[in-house]
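Taking it in order: structure first as structure tokens, then the write-up.
The values are calculated or read from the model by the stated rules, or taken from the named source; none is laboratory data. Quick caveat: nothing in here was measured; it's all calculated off a predicted structure. With ideal geometry, Cβ positions are generated from the backbone for all residues, glycine too; neighbour counts draw on all protein chains shown. Calculation scope for accessible area: heavy atoms of the full protein, side chains included, ligands and nucleic acids excluded. Shrake-Rupley method; radii C 1.70, N 1.55, O 1.52, S 1.80 Å.
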Amino acid sequence: MSRPTKHAPERGNARTRLLEAARDVVRAKGYAAATVDDLCRVADVTKGAFFHHFVSKDALGVAAAEFWTEETTAFFEAAPYHQPADALERVLAYVAFRKAIIVGEIAEFTCLVGTMAQEVYASSPDIRDACARSIFGHTATLEADIEAARRERGIAGDWTAASLARHTQAVLQGGFVLAKAGNDPELARESLDHLDRYIRHLFHVAEEHAK
């Protein structure tokens, strides 16, 4: 099937195409290396169209982080890890789901906002903050299940549901970095296997019951 042209309505409007281009190009090349020319070429729009929708590349970066948040929020809301009745099983199912979607080329499964945050945390506070809203907003969706699992299993300790939710993202983002550095997706999957073991340890789940 040929690549649709900018006149094909199924591709959406120029703004949406630019956001999709940013999503894909930045994950493949990084934010700094993704030029406006690159983005326009992939989106099949003119530079005039780019600057009609975005006053700068950084403005596109903020919008791309927000676009990513919208896309991924819908994706994770529909994911099957919400189905188990037991709260801890939902938490473990989340980890298993994140491992299961590490497929394809590295640029296809790594995180746009994680990639941008690493690059621009000092040089572009607006993009950094948009990435933070995306990452921490996602972590917040895990907190209720983690807290319910603590309550149901009588788990005490000097950690909170919020801190464990954040740790899941630290493992994920770190796994993505390792996958990039080693050019091997298995390094990210390996990190999630260790996260699964760690969560089971926190909740005193016997090793022989681990998947």
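Per-structure values
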item	result
Nearest-10 value in Å² for the accessible area of residue 176, using the 1.4 Å probe	10
Rounded FRET efficiency, nearest 0.05, which uses the C-beta distance separating residue 78 from residue 148 and R0 of 22 Å	0.60
Choice from 98, 153, 27 showing the highest fluctuation, given a GNM over the chain with Cα pairs closer than 10 Å	153
Leading residue at positive end of dipole, the range 1-130 (Cβ point charges), from 56, 95, 72	56
FRET efficiency, residue 194 to residue 33 (Cβ-Cβ, R0 30 Å, nearest 0.05)	0.45
Alpha-carbon Debye profile of the chain, log10 I(q)/I(0) at 0.13 Å⁻¹	-0.79
Protein-only accessible surface order, largest first, of 105, 186, 20 at 1.4 Å	105, 186, 20
Debye, to nearest 20: dipole size of the chain, +1 on Lys, Arg Cβ, -1 on Asp, Glu Cβ	460
Accessible-area value, residue 62, 1.4 Å probe, nucleic acids and ligands omitted, Å²	30
Linear extension gain, residue 178 paired with residue 41, 0.36 nm per residue minus alpha-carbon span	46.3 nm
Net charge of Cβ neighbours under 11 Å - reference residue 165; Lys, Arg +1; Asp, Glu -1	-2
Label-point separation, residue 129 to residue 186 (7 Å along Cα→Cβ), nm	4.4
